[in-house]
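The values are calculated or read from the model by the stated rules, or taken from the named source; none is laboratory data. The model shown is predicted, which means the values in this text are computed figures rather than measured ones. We place every Cβ from the backbone using ideal geometry, glycine too, and count neighbours over all the protein chains shown.
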Amino acid sequence: MLDTRTGLDHATVEDYIRRGREHLWIHTQQENELAQDDAYTVIDGGEGIYLSDIHGRRYIDAMSGLWVVAIGHGRRELAEVAKRQMEQMAYANPFAYATMPAVDLATKIAEVTPAGFTRTFFVNGGAEAVETALRMARQWQYNRGQQKRYKFISRIGSYHGMTLGALSVNNATALNKTPFEPLLPGTLKAPAVACNGCGETCLPGCETPAGLKYLEQLIISERPETIAAFITEPISTSNGSVVPSKQYWQTIRALCDKYGILLIVDEVINGFGRTGTWFAMEHFDVQADLMTIAKQISSGYAPIAAVVTTEKVAEGFRGGPQDAFIGGSTFGAHPVSCAVALANIEIMQREHLVENSAKVGTYLTTQLDELKSRHHIVSATRGIGLMQVIEMKKDPAAGVEFTPDDDLSHRVPRLLKENGILSRGGASIQVAPPLVINREEVDELVDGLDRTITALEAEIGL
Ligand SMILES: Cc1ncc(COP(=O)(O)O)c(C=O)c1O
């Protein structure tokens, strides 16, 4: 029998799942776990905040894919833009020529990024942007005669991507880097922004004066003349979306200035309205030197990312041919991706989606707070704009965490799906819907989360 929405019969659906299991390598998933009943999801449709699978089931895309789809799914306008650009000119050598879409997008990025960011270097994805920013920082130091500055500082708990350079500055707790060692030498670990609010007594690195003093001591003990750059997310999703204070960020900027260290902010998740401002650093009134951007730049309608720099950084690459930045890739500044990204940003401006993220994000915060009051196991809800997280513990009052035996990494995504939601879930659930979401859709989302947590409590017997 044919499914009325997908038009697919049962045999075709089964065949997709069989061939997918046989040939498609899904990122970071364990094959034998996907063999479990109903664990294999093939997505084939999307409209607004919803995605649907080949069985014809509809879900709220509660993580915007991977914090990507700002303008929502199913925008035919972007398909038209891609088609027009492909028909006019699909590709030109980015090592030699500019194209009109690349110029237009670079101009638009200079308009929407904080003042001072003027020059954009396009690449294909977030990790490549991080990789490029790291190399740019090293070569910038090299060009100004600081050849010994090769080290990078990054924060514990931060995620920056999977290429070897990005992996070296990656400190996400769940990520096992051991199989890839040795990684880049000289990657220094600064403690995270907050360690569960344990105040002045907590490990240095949280926002306390003691933490910031520790960071300065780290720089001094490693010798500042060996450090190229400090890289971090303005607000780290991989580290619980804790929003740091302005004073924290301003101290980091001051330390970088004092010791000649470049400040790279990784806005790959935060950027393009996710936190209720165009870029998250706007919350802190701090100007970075380099910024990595990706994901929402195109809402996922085409792959593209970039490093955006200030004149201070760009100036370091002017002079003779030996001063030019050594970097580039075949598909960097791809005309079709640039045209699509530009149209995406124009939609964000036209529909005031950054303002919507701030406004509906505030409503989402209040709804998640209420959800927390209804469920004993919800230990915290946190975030800013449409970048929120629900954290759960077995017994929050006694500080008892869930254990691997509770199997939350499988249970929670399954229960979310059963309740009409797609998101990443374990002991924490990411709540980051497309920026087009409205209050009624937030209510529908929070109802689904409520049912999910109720079902979890019942399954575990809490
Ligand atoms: C903050 C941050 N930086 C970099 C990356 C890497 O981006 P990509 O997966 O596009 O390589 C990610 C991916 O989620 C990210 O969250």
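Here are a few things to note about the model shown:
- Annotation: of all residues in the stretch 250-296 being of a type in the set (K, R) and within 11 Å of the ligand (Cβ to nearest atom), the one that is surrounded by the fewest Cβ atoms within 10 Å (Cβ to Cβ) is K295.
- Residue among Y59, Y159, Y142, Y97 that alone is within 16 Å of the ligand (Cβ to nearest atom) and either under 22 Å from the mean Cα position of the chain (by Cα) or free of Cβ contacts under 8 Å to residues at least 40 places away in the same chain (or both): Y159
- Boolean, H55 is out of contact with any Pro (no Cβ under 7 Å at 6 or more places or on another chain) and loosely packed, with under 11 Cβ neighbours inside 10 Å: no
- Residue-level check: of (1) in a loop (DSSP other than H, G, I, E, B); (2) of a type in the set (A, V, I, L, M); (3) within 16 Å of the ligand (Cβ to nearest atom), L134 misses just (1).
- Considering the conditions (1) surrounded by 15 or more Cβ atoms within 10 Å (Cβ to Cβ); (2) over 23 Å from A432 (Cα atoms), K312 is excluded by exactly one of them, (1).
- Residue in the stretch 311-326 that is closer than 30 Å to G211 by Cβ, away from the ligand (no atom under 14 Å from the Cβ) and of a type in the set (S, T, N, Q) present: no
- Within the stretch 167-186, the set of residues being within 15 Å of F152 (Cβ to Cβ) and under 21 Å from the mean Cα position of the chain (by Cα) comprises L167, S168, V169, N170, N171, K177.
- Every listed requirement among (1) crowded, with 21+ Cβ neighbours inside 10 Å; (2) among the polar types (S, T, N, Q); (3) assigned to a helix (DSSP H, G or I) is met by Q139 save one, (1).
- Residue, farthest from the ligand (Cβ to nearest atom), within the stretch 165-178, restricted to residues that are assigned to a helix (DSSP H, G or I) and modelled with pLDDT of 95 or more: S168
- Test: L263 is at pLDDT 95 or above, farther than 22 Å from A137 by Cα and in contact with an Asp or Glu (Cβ under 8 Å, 6 or more places away or on another chain): no
Listed here are the residues, each with its yes/no results for (1) of a type in the set (S, T, Y); (2) assigned by TED's automatic domain parsing to the domain that holds W140.
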position: G300; (1), (2): no, yes
position: V307; (1), (2): no, yes
position: S329; (1), (2): yes, yes
position: G332; (1), (2): no, yes
position: C338; (1), (2): no, yes
position: L342; (1), (2): no, yes
position: E346; (1), (2): no, yes
position: A358; (1), (2): no, no
position: T362; (1), (2): yes, no
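- For the criterion of being more than 26 Å from the chain's Cα centre (by Cα), surrounded by fewer than 18 Cβ atoms within 10 Å (Cβ to Cβ), modelled with pLDDT under 95 and within 16 Å of F152 (Cα to Cα), E225 fails.
- Every listed requirement among (1) out of contact with any strand residue (DSSP E or B) (no Cβ under 7 Å at 6 or more places or on another chain); (2) more than 16 Å from the ligand (Cβ to nearest atom); (3) assigned to a loop (DSSP other than H, G, I, E, B) is met by I17 save one, (3).
- Top-ranked residue of the stretch 36-52 - restricted to ones that are of a type in the set (D, E) and free of Cβ contacts under 8 Å to residues at least 40 places away in the same chain, ranked as surrounded by the most Cβ atoms within 10 Å (Cβ to Cβ): D44
- Failed item, numbered, when G361 is tested on (1) without any contact (Cβ under 8 Å) to a residue 24 or more places away in the chain; (2) of a type outside the set (A, V, I, L, M); (3) in contact with a Gly (Cβ under 6 Å, 6 or more places away or on another chain): (1)
- Scope the stretch 182-222; condition among the β-branched types (V, I, T) and either touching a Pro at 6+ places or on another chain (Cβ under 7 Å) or modelled with pLDDT under 90 (or both); matching residues: V193, T201, T208
- Residue identified as more than 30 Å from K177 (Cβ to Cβ) and assigned to a strand (DSSP E or B) among Y59, Y97: Y59
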